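The values are calculated or read from the model by the stated rules, or taken from the named source; none is laboratory data. What you are looking at is a predicted structure, and each value in this text was computed from that prediction instead of being measured. Please note that ligands, DNA and RNA were not included when accessible areas were found on the heavy atoms of the full protein model with its side chains. Shrake-Rupley method; radii C 1.70, N 1.55, O 1.52, S 1.80 Å.
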Amino acid sequence: MREVVAGAVIGDGRLLLAQRTYPTDVAGLWELPGGKVEAGETREQALRRELGEELGIEVRVGRQLGDPVPLRADLVLVALAADLIKGSPRPEEHSAVRWVETPELESMAARGELVPADAAWLDDLIELLAVR
Ligand code: 523
């Protein structure tokens with residue numbers, strides 16, 4: 001079983017979303033940025049590496065957010081809360097990034113603009129934003 005780790009990155013009280021470019025079924029939709037955990041890495045190390053490579057940011061990784069979401073028989077997606085500590089996200093592998101507050105997140109979810117797996121965490125994300 002492989003894991004994909006996704007970061008619920010908070011900066012200035014807002015949540016970071018990144019727009020996917022592939023695969024075609026989710027291209028154009030918005031996700032919590034992250035990627036696959038490599039052999040020998042912890043989830044935290046994988047998330048810090050992916051956010052550095054994809055967006056050029058440094059984060060402090062916190063607790064697991066919500067429940068893991070099965071992607072395929074051999075792949076599961078796990079979200080971790082994180083705080084931006086350094087840098088300003090520049091999309092290297094995404095088409096765009098944006099920082100959102102709860103109302104915008106809710107409208108995006110209602111319009112079906114979130115990657116389906118990530119949409120399962122909507123309530124957890126709203127709760128995370130409420131305590132920041
Ligand atoms: N998701 C997903 N939500 C989400 C992420 C980061 C990933 O549903 N927030 C899915 C999309 C892909 C799979 O997880 O089906 C792998 O994510 P990807 O492509 O971001 O991971 P990489 O970059 O490590 O993997 P490859 O480029 O595919 O090697």
Express in % the proportion of alpha carbon pairs of segment 62-132 at distances exceeding 17 Å. 54 percent
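Could you tell me what percent of the accessible area of the chain is made up of carbon and sulfur, with a 1.4 Å probe and every protein chain present? It would help to have the intermediate numbers written out before the result.
Numbers: 3240 of 6740 Å².
Result for the chain: 48 percent of the exposed heavy-atom area is carbon or sulfur.
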Suppose all protein chains stay in the model; what accessible area per residue would a 1.4 Å probe give for the chain, in Å²? 51 Å²
Taking only DSSP H segments of four or more residues, each worth -39500 (n - 2.57), what value at 222 nm results for the chain once the sum is divided by all its residues, to the nearest 500 deg cm²/dmol? -7500 deg cm²/dmol
Counting only residues 5 or more apart in sequence or on a different chain, those whose built amide H sits under 5 Å from that of Leu114 are Trp30
Cα convex hull volume per residue for segment 93-132, in Å³, equals 84 Å³
How large is the convex hull of the C-alpha atoms of the chain per residue, in Å³? 98 Å³
